[in-house]
Amino acid sequence: MNLILLTVFFLLNTGYLWAEVPAQINPHNYDNKDYCQSCHVVSEMPRLNFDSITTCVKCHPGSISNHPVSRHPILVKVPYKVVVPDWMPLSKEEKIVCFTCHDNHNMSGFRRMLRIELESLCVSCHINK
């Protein structure tokens, strides 16, 4: 307990808590080409360095097992009863991947880099007919 109080006292008296923290740079930002090589083979744009899942989880390793919809199938073909809208891309093999729901260049501006608002995302494919 004393160590915690001492730490808080130190931080308050040094002004560290009020120091400006530089904004983090989002490597997904399409406008900043400095980070393209994080995901892409720059000499062969737009080719990815790895398959689409590996490309994502090399920076987001907890996203598969700890994802909010971790029970959702990934890398599986879409069942014939489910209609995926054209704006939700599948892999070349027509499988569900990270960029099916996430806007990999964050152009949409929605939270968590989703293609649309979370409340509307699931029902885009899972609608009762």
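The values are calculated or read from the model by the stated rules, or taken from the named source; none is laboratory data. Bear in mind that the values here come from a model prediction, so they are computed numbers and not experimental data. Positions of Cβ are generated from backbone atoms using ideal geometry, with glycine treated the same way; all protein chains shown enter the neighbour counts. Remember, those area values only see protein heavy atoms, side chains included, never the ligands or the DNA or RNA. Shrake-Rupley method; radii C 1.70, N 1.55, O 1.52, S 1.80 Å.
The apolar share of the surface of the stretch 26-129, taken as the fraction of accessible area on carbon and sulfur atoms (1.4 Å probe, ligands and nucleic acids excluded), comes to 57 percent.
Local charge for ILE53 was computed over the other residues whose Cβ lies under 15 Å away, with Lys and Arg +1 and Asp and Glu -1, and equals +1. Rounded to the nearest whole Hz, the Karplus-based 3J(HN,Hα) values (6.51 cos²θ - 1.76 cosθ + 1.60, θ = phi - 60°) of the stretch 104-113 follow the sequence 4, 10, 6, 6, 6, x, 7, 3, 6, 6, with x at glycine and proline.
Note on GLU44 and HIS126: the model spin-label points, each 7 Å out from Cα along the C-beta direction, lie 3.7 nm apart.
Positive contributions from Lys and Arg (+1) and negative ones from Asp and Glu (-1), summed over other residues with Cβ under 14 Å from the Cβ of HIS28, come out at +2. Which trypsin sites (Lys or Arg not before Pro) in the stretch 29-105 sit in a loop by DSSP (not H, G, I, E or B) and have at most 15 other Cβ atoms within 10 Å of their own Cβ? Those satisfying the criteria are ARG47, LYS58, ARG71, LYS81, LYS92.
Loop-located chymotrypsin sites (Phe, Trp or Tyr not before Pro) in the stretch 24-89 (DSSP state other than H, G, I, E, B) with a sparse environment of at most 11 neighbouring Cβ atoms within 10 Å: TYR80, TRP87. Other residues with beta-carbon under 14 Å from the beta-carbon of ARG112 carry, at +1 per Lys or Arg and -1 per Asp or Glu, a net charge of -1.
The share of alpha-carbon pairs in the stretch 33-129 lying farther apart than 20 Å comes to 40%.
The GluC sites (Glu not before Pro) of the stretch 68-129 that DSSP puts in a loop, and whose beta carbon has at most 14 other beta carbons within 10 Å, are GLU93, GLU94, GLU117.
Solvent exposure of the stretch 32-112, expressed per residue, is 74 Å² of accessible area, with all protein chains present and a 1.4 angstrom probe.
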